[in-house]
Amino acid sequence: MYQIIIGDDDQSFLKEAAVETAALMEHNGIRQGIDYELLTFNEPQRLIDYLHQNKDACQLLMLDVEFGSKNGLAIMKELREQELKCGLIYLTNFRDYVYDCFDTQPLYYMLKPIDWQKLGDVI
């Protein structure tokens, strides 16, 4: 089953992102619980631990750049070095990191507020 993970420390954004992502998938005939699984993490260490233990489970990770006490770019650099191969989309408030993110091989870098239709196109 396809697995999508969203990591963000802003609980209200995390909930909105989960709802919007599920709606985008449903619009395309992709059913949650049947075709894909959606997980959310609001604490960076829990996300890191999950991905260490389930390296091949995730196909798409949507990650905040400034994720709690950790930097999303540093998290991804470490995970990429450990051969995490999932697709990556950064969802962030910060333009400043756009050029720094290339080493982590993202599919896209989106600024908040998220254009959900554009995210749907990227997915």
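Where a number appears in this text, it was derived from the coordinates with a stated rule and is not lab data. These numbers come from a predicted model, not from an experiment. Cβ coordinates were reconstructed from backbone atoms using ideal geometry, including for glycine residues, and neighbour counts include every protein chain displayed.
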Inter-residue pairs, beta-carbon under 8 Å, first over 17 Å from residue 58 (Cα atoms) and in the range 5-16, second among the aromatic types (Phe, Trp, Tyr) and part of a helix (DSSP H, G or I), 6+ apart: none
Filtered residues of the range 1-46 (kept if of a type in the set (Val, Ile, Thr) and in contact with a helix residue (DSSP H, G or I) (Cβ under 6 Å, 6 or more places away or on another chain)): 6, 40
Test result for residue 103, farther than 16 Å from residue 60 by Cα, in contact with a helix residue (DSSP H, G or I) (Cβ under 7 Å, 6 or more places away or on another chain), not aliphatic (A, V, I, L, M) and not in a loop (DSSP other than H, G, I, E, B): yes
Inter-residue pairs, beta-carbon under 8 Å, first farther than 23 Å from residue 71 by Cα and in the range 101-122, second in a helix (DSSP H, G or I), 6+ apart: 116/20; 116/23; 116/24; 120/24; 120/27
